[in-house]
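Participant: Below are the structure tokens for one structure; questions will follow.
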């Protein structure tokens with residue numbers, strides 16, 4: 001049913017500020033910019049998924065939704081959209097699995113620069129069934145071209161998403177048994193009091209984390225943060241630091257052979273690390 005992650009949505013208050021910030025962070029220009037129904041959007045297309053920025057722009061139904069979400073949660077990650085190859089079959093399966101999907105709807109977007117129009121069909125699972133995370137399922141008629149590289153040491157792809165949960169078994173059942181993502185790891189690290197579950201789809205990883213000291217609970221899950229993959233972590237850190245972003249020192253990652261640093265500013269509320277994988281991992285991606 002699911003072939004990968006089509007895109008993640010980040011809400012920002014000002015679309016131009018958001019575009020400028022993520023151009024700097026990713027070292028790439030947006031592949032698409034649109035404006036409709038009171039909402040402005042910009043899409044950065046990478047090798048394995050896309051990042052869509054969305055901001056209110058005037059009046060309209062979309063503007064009202066975006067403003068309400070910003071007032072409630074502030075800037076940051078708001079939703080995920082999985083790519084599917086057959087939206088009708090996906091809707092049927094989601095219904096049978098108890099995820100209460102909305103009716104399938106059509107979507108269109110017209111690029112402000114080229115005038116080109118994209119179309120798609122989508123549905124959304126009930127947020128109650130997905131433990132509070134807004135999950136969409138989307139079938140596109142065509143894909144965006146990769147965002148143009150505008151700086152050296154740019155980001156090539158999304159390495160992984162981090163989702164924090166108060167109940168790891170509940171969340172594992174959703175992403176593994178129900179949605180069919182490929183489970184790769186279930187490990188508890190006592191030294192840091194955390195259980196990690198890794199699921200892979202479409203060339204990226206969903207990392208589910210549970211802080212053991214907090215105990216089990218029935219509260220909502222939360223999209224916690226992202227990790228962007230680069231070829232040369234030192235070069236990317238230097239580029240971002242010279243652009244005025246606050247970044248940490250490079251350190252060894254938890255996974256052997258990885259090197260990472262944290263981006264502390266310019267991410268619009270999205271906890272962000274940049275990672276350089278081992279040569280073996282890069283070859284397998």
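The values are calculated or read from the model by the stated rules, or taken from the named source; none is laboratory data. This structure is a prediction, so every number in the text was calculated from the model and none was measured. Here the Cβ is made from the backbone with ideal geometry for all residues, glycine too, and neighbour counts use every protein chain on show.
Participant: From the set of residues in the range 70-90 that are in contact with a strand residue (DSSP E or B) (Cβ under 6 Å, 6 or more places away or on another chain) and assigned to a helix (DSSP H, G or I), which is nearest to residue 154 (Cα to Cα)?
Facilitator: Of everything passing the filter in the range 70-90, 70 is nearest to residue 154 (Cα to Cα).
Participant: Looking only at residues in the range 47-63 that are in a helix (DSSP H, G or I) and touching a strand residue (DSSP E or B) at 6+ places or on another chain (Cβ under 8 Å), which one is farthest from residue 14 (Cα to Cα)?
Facilitator: Result: 62.
Participant: If you don't mind, there's one more thing I want to ask. Residue 241 fails exactly one of the following numbered conditions: (1) on the phi < 0 side of the Ramachandran plot; (2) more than 22 Å from the chain's Cα centre (by Cα); (3) not in a helix (DSSP H, G or I). What is the number of that condition?
Facilitator: (3)
Participant: If you go through the range 22-36 one residue at a time, do you hit one that is surrounded by fewer than 22 Cβ atoms within 10 Å (Cβ to Cβ), touching a helix residue (DSSP H, G or I) at 6+ places or on another chain (Cβ under 8 Å) and modelled with pLDDT under 95?
Facilitator: Checked against the condition, which is being surrounded by fewer than 22 Cβ atoms within 10 Å (Cβ to Cβ), touching a helix residue (DSSP H, G or I) at 6+ places or on another chain (Cβ under 8 Å) and modelled with pLDDT under 95, the range 22-36 yields at least one hit.
Participant: Another one. Identify all residues within the range 1-15 that are closer than 16 Å to residue 203 by Cα and in a strand (DSSP E or B); write none if there are none.
Facilitator: The answer is 2, 3, 4, 5, 6, 7, 8.
Participant: Are any of the residues in the range 72-79 under 20 Å from the mean Cα position of the chain (by Cα), surrounded by fewer than 13 Cβ atoms within 10 Å (Cβ to Cβ), outside the structural domain of residue 220 (by TED's automatic domain parsing) and farther than 14 Å from residue 179 by Cα?
Facilitator: There is at least one residue in the range 72-79 that is under 20 Å from the mean Cα position of the chain (by Cα), surrounded by fewer than 13 Cβ atoms within 10 Å (Cβ to Cβ), outside the structural domain of residue 220 (by TED's automatic domain parsing) and farther than 14 Å from residue 179 by Cα.
Participant: Can you tell me which residue is farthest from residue 43 (Cα to Cα) among those in the range 91-118 that are free of Cβ contacts under 8 Å to residues at least 60 places away in the same chain and in a strand (DSSP E or B)?
Facilitator: Checked the range 91-118; the qualifying residue farthest from residue 43 (Cα to Cα) is 105.
Participant: While we're on this one: How many residues, within the range 119-129, are closer than 14 Å to residue 88 by Cα and outside any strand (DSSP E or B)?
Facilitator: So the answer is 1.
Participant: Also, I was wondering about something else. May I ask you to list the residues in the range 12-21 that are buried (at least 22 other Cβ atoms within 10 Å of the Cβ) and either within 12 Å of residue 43 (Cα to Cα) or at pLDDT below 95 (or both)?
Facilitator: 18
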